[in-house]
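A.B. asks: Take this structure, written in structure tokens, and hold onto it; I'll ask about it next.
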Amino acid sequence: MVDASSLNRPAPQTIDLLLSRRSGSAKAMTGPGPNPEELRVILQAGARVPDHKKLFPWRFIVFEGEGRKRMGQMLGDILCAEGDVSDERVAMERERFRRAPVVIGVVSRARENIPIPMWEQELSAGAVCQNVLLAAHALGYVANWITEWYAYDPRVKEKLGLKPDERIAGFIYIGKPGEPLEERVRPDLDSLVTYF
Ligand SMILES: Cc1cc2nc3c(=O)[nH]c(=O)nc-3n(C[C@H](O)[C@H](O)[C@H](O)COP(=O)(O)O)c2cc1C
């Protein structure tokens, strides 16, 4: 718990981060990744998001060390079982989670038939992903929020232990940038803002 007297301390430097934040490609990531204390901070930041009625409609799955290898193995095995898949593709899947030193899976636990709409619970899971990205960047890492095919694959979800109503909001890859970051196209703000 944060002491009430230290809530919302001004941190103007945060604006610099928000206005310069750039995802780093998972493919180009290297180590080292966050240490255990930093990882804890990143997860705490992730869990500190707006959330209507304090439902905490999300949870985390952390992949690091050998866990990344086991996840890749699982992805490769799932594709192999399909039959018509090249050896290169299977080899690529086996290495997928080893692109970054740490991957955080954010799982949405949004429930239907409760007073808070699913949409709002899912938005909260999106906010978790963004807080994880920002916290990782604030600590000097790059991060990449991706879903790719395995976030939606029912076999992967089952093997990861997701319940039928749980969904992957994102896999956040975290590491050091292996190549220089380049700015990408950003929207023309004026075309998106109206004043009522
Ligand atoms: C829900 C969600 C899923 C995404 N999935 C992928 C993905 O599977 N592959 C990908 O290349 N980018 C994906 N992205 C986009 C990247 O996270 C990133 O935002 C994009 O490369 C733009 O870079 P920026 O974050 O620096 O603006 C996804 C973004 C969101 C919000």
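A.B. asks: Select, from Pro101, Pro50, the only residue that is away from the ligand (no atom under 16 Å from the Cβ) and in contact with a Pro (Cβ under 7 Å, 6 or more places away or on another chain). Outline the logic, then answer.
C.D. replies: Details: Pro50 fails: in contact with a Pro (Cβ under 7 Å, 6 or more places away or on another chain).
Only one candidate qualifies: Pro101.
A.B. asks: Check whether at least one residue in segment 155-164 is touching a strand residue (DSSP E or B) at 6+ places or on another chain (Cβ under 9 Å) and either within 12 Å of the ligand (Cβ to nearest atom) or in a strand (DSSP E or B) (or both), and report yes or no.
C.D. replies: no
A.B. asks: Within segment 165-196, count every residue that is within 15 Å of the ligand (Cβ to nearest atom) and under 25 Å from Gly140 (Cα atoms).
C.D. replies: Total meeting the criteria: 16.
Okay, residues lined up against (1) of a type in the set (Val, Ile, Thr); (2) within 16 Å of the ligand (Cβ to nearest atom):
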{"site": "Asn35", "(1), (2)": "no, no"}
{"site": "Arg59", "(1), (2)": "no, no"}
{"site": "Val62", "(1), (2)": "yes, no"}
{"site": "Met71", "(1), (2)": "no, yes"}
{"site": "Asp87", "(1), (2)": "no, no"}
{"site": "Val90", "(1), (2)": "yes, no"}
{"site": "Arg94", "(1), (2)": "no, no"}
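A.B. asks: Restricting to segment 95-141, give me the number of residues that are touching a helix residue (DSSP H, G or I) at 6+ places or on another chain (Cβ under 7 Å), closer than 16 Å to Lys27 by Cα and either at pLDDT below 95 or not small (Gly, Ala, Ser) (or both).
C.D. replies: Looking only at that region, the number is 8.
A.B. asks: Among the numbered criteria (1) more than 16 Å from the ligand (Cβ to nearest atom); (2) without any contact (Cβ under 8 Å) to a residue 24 or more places away in the chain; (3) under 30 Å from Leu19 (Cα atoms), which one does Asn113 miss?
C.D. replies: In the conditions (1) more than 16 Å from the ligand (Cβ to nearest atom); (2) without any contact (Cβ under 8 Å) to a residue 24 or more places away in the chain; (3) under 30 Å from Leu19 (Cα atoms), Asn113 misses (3) alone.
A.B. asks: Out of segment 124-148, which residues are at positive phi and near the ligand (Cβ under 8 Å from one of its atoms)? Break it down into steps so the answer makes sense when it comes.
C.D. replies: First, the residues of segment 124-148 that are at positive phi: 140, 148.
Within segment 124-148, Glu148 is the sole residue that qualifies.
A.B. asks: Right, here's the next one. If I filter segment 178-188 for residues that are touching a residue at least 24 places away in the same chain (Cβ under 8 Å) and under 23 Å from Gly46 (Cβ atoms), do I get at least one hit?
C.D. replies: Within segment 178-188, one or more residues are touching a residue at least 24 places away in the same chain (Cβ under 8 Å) and under 23 Å from Gly46 (Cβ atoms).
A.B. asks: Please go through segment 145-160 and give me each residue that is out of contact with any Lys or Arg (no Cβ under 9 Å at 6 or more places or on another chain) and either in contact (Cβ under 8 Å) with a residue 24 or more places away in the chain or surrounded by 17 or more Cβ atoms within 10 Å (Cβ to Cβ) (or both), ordered by number.
C.D. replies: At the first step, the residues of segment 145-160 found to be out of contact with any Lys or Arg (no Cβ under 9 Å at 6 or more places or on another chain) are 145-147, 149, 153-156, 158-160.
Residues satisfying the conditions are Trp145, Ile146, Thr147, Asp153, Arg155, Val156, Lys159, Leu160.
A.B. asks: I would also like to ask the following. Would you check if there is a residue in segment 136-143 being within 13 Å of the chain's Cα centre (by Cα), surrounded by fewer than 16 Cβ atoms within 10 Å (Cβ to Cβ) and free of Cβ contacts under 8 Å to residues at least 60 places away in the same chain?
C.D. replies: Keep residues of segment 136-143 that are within 13 Å of the chain's Cα centre (by Cα), which gives 136-137, 142-143.
Then keep just the ones that are surrounded by fewer than 16 Cβ atoms within 10 Å (Cβ to Cβ); that gives none.
No: segment 136-143 contains no residue that is within 13 Å of the chain's Cα centre (by Cα), surrounded by fewer than 16 Cβ atoms within 10 Å (Cβ to Cβ) and free of Cβ contacts under 8 Å to residues at least 60 places away in the same chain.
A.B. asks: Which of (1) surrounded by 18 or more Cβ atoms within 10 Å (Cβ to Cβ); (2) over 21 Å from Met71 (Cβ atoms) does Ser191 not meet, given it meets every other one?
C.D. replies: Looking at each condition in turn, Ser191 falls short on (1).
A.B. asks: If a residue counts only when it is within 20 Å of Ile146 (Cβ to Cβ) and open to solvent by 50 Å² or more (accessible area, probe 1.4 Å), which helices (runs of 4 or more DSSP H) contained entirely in segment 22-133 have at least 3 such residues?
C.D. replies: Numbers: elements: 36-46, 66-82, 87-95.
Hits in segment 22-133: 66-82, 87-95.
The values are calculated or read from the model by the stated rules, or taken from the named source; none is laboratory data. In this text the structure is predicted, and so the values were computed from the model without any measurement. Don't worry about glycine lacking a Cβ; one is built from the backbone with ideal geometry, like all the others, and counts go over all protein chains shown. Heavy atoms of the whole protein, side chains included, go into the accessibility calculation; ligands, DNA and RNA do not. Shrake-Rupley method; radii C 1.70, N 1.55, O 1.52, S 1.80 Å.
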